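Chemist: Structure incoming, see below.
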Amino acid sequence: MQPPAPHNLVERTIQRVVFTSRWLLAPIYAGLSVGLLVLLVKFGQRTFDLVSHTLSTSGENIIVGVLGLIDLALMGGLLVIVMFAGYENFVSKLDAEGIDDKPSWMGEVGFSELKLKLMASIIAISAIRLLEYFMNLKDTPDREMAWGIGLHITFVVSGMILAVMDRLSGKARG
């Protein structure tokens with residue numbers, strides 16, 4: 001058996017380096033868990049503020065406070081989806097064998113589904129923010145309201161275009 005030709009050795013080395021470099025993403029996905037911890041702290045702070053001011057604030061402010069909690073919860077879920085699906089799609093499979101409470105979608109969300117879930121979460125977060133603006137209509141400047149509506153419409157249209165493109169590319173493959 002002959003030793004590999006030099007160009008094959010160089011090519012294999014480059015391929016191995018490129019393939020192994022995916023592990024550079026692992027600390028980034030692990031770092032997102034710090035973001036999740038920060039959201040948890042902020043959620044606790046807002047929950048405490050909401051509960052401590054329950055008797056002294058208006059119903060509208062309670063609703064806005066609860067919407068803020070929902071916003072943080074959606075952002076936390078979005079982070080978990082990005083951490084799990086991103087890690088599994090770009091780095092390595094997560095070893096969750098024998099874990100009873102493993103999310104049902106874990107290991108089944110491909111890059112295409114990840115994009116759509118990400119966009120759906122962004123749209124939901126945008127809608128909640130817009131609802132907060134409407135609940136505080138008298139305190140929300142017109143310019144801020146206009147930007148909020150414009151951004152939300154942009155997210156919705158972008159999500160619809162992304163979904164159509166995904167569906168069309170799926171039909172082209174299948």
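Chemist: Given the criteria more than 30 Å from Leu162 (Cα to Cα) and at pLDDT 85 or above, does Arg22 qualify?
Modeler: No.
Chemist: With Leu55, Leu39, Leu24 as the choices, which residue is surrounded by 15 or more Cβ atoms within 10 Å (Cβ to Cβ) and not acidic (Asp, Glu)?
Modeler: Residue meeting the stated conditions: Leu39.
Chemist: Test Glu144 against the stated conditions and say whether it is under 30 Å from Thr57 (Cβ atoms) and of a type in the set (Asp, Glu).
Modeler: Taking the combined requirement at face value, the residue satisfies it.
Chemist: With (1) assigned to a helix (DSSP H, G or I); (2) modelled with pLDDT under 85 as the list, and Leu79 as the residue in question, which single condition is left unmet?
Modeler: Going through (1) assigned to a helix (DSSP H, G or I); (2) modelled with pLDDT under 85 one by one, Leu79 breaks only (2).
Chemist: Which ones in segment 126-174 are more than 19 Å from Lys115 (Cβ to Cβ) and not in a helix (DSSP H, G or I)?
Modeler: Asn136, Thr140, Pro141
Chemist: Where the second residue is part of a helix (DSSP H, G or I) and of a type in the set (Ser, Thr, Tyr) and the first is touching a residue at least 60 places away in the same chain (Cβ under 8 Å) and lies in segment 29-51, which pairs have Cβ atoms under 8 Å and are six or more apart or on separate chains?
Modeler: Note: pairs meeting the criteria are Tyr29/Tyr87.
Chemist: Kindly provide the set of residues from segment 71-104 that are without any contact (Cβ under 8 Å) to a residue 24 or more places away in the chain and either farther than 17 Å from Ile28 by Cα or touching a strand residue (DSSP E or B) at 6+ places or on another chain (Cβ under 8 Å) (or both), ordered by number.
Modeler: Asp95, Ala96, Glu97, Gly98, Ile99, Asp100, Asp101, Lys102, Pro103, Ser104
Chemist: Something else now. Restricting attention to segment 158-172, and to residues there that are loosely packed, with under 11 Cβ neighbours inside 10 Å and out of contact with any helix residue (DSSP H, G or I) (no Cβ under 8 Å at 6 or more places or on another chain), which single residue is modelled with the highest pLDDT?
Modeler: It comes out as Val164.
The values are calculated or read from the model by the stated rules, or taken from the named source; none is laboratory data. What you are looking at is a predicted structure, and each value in this text was computed from that prediction instead of being measured. Heads up, the Cβs are rebuilt from the backbone with ideal geometry, glycines too, and the neighbour counts pull from every protein chain shown.
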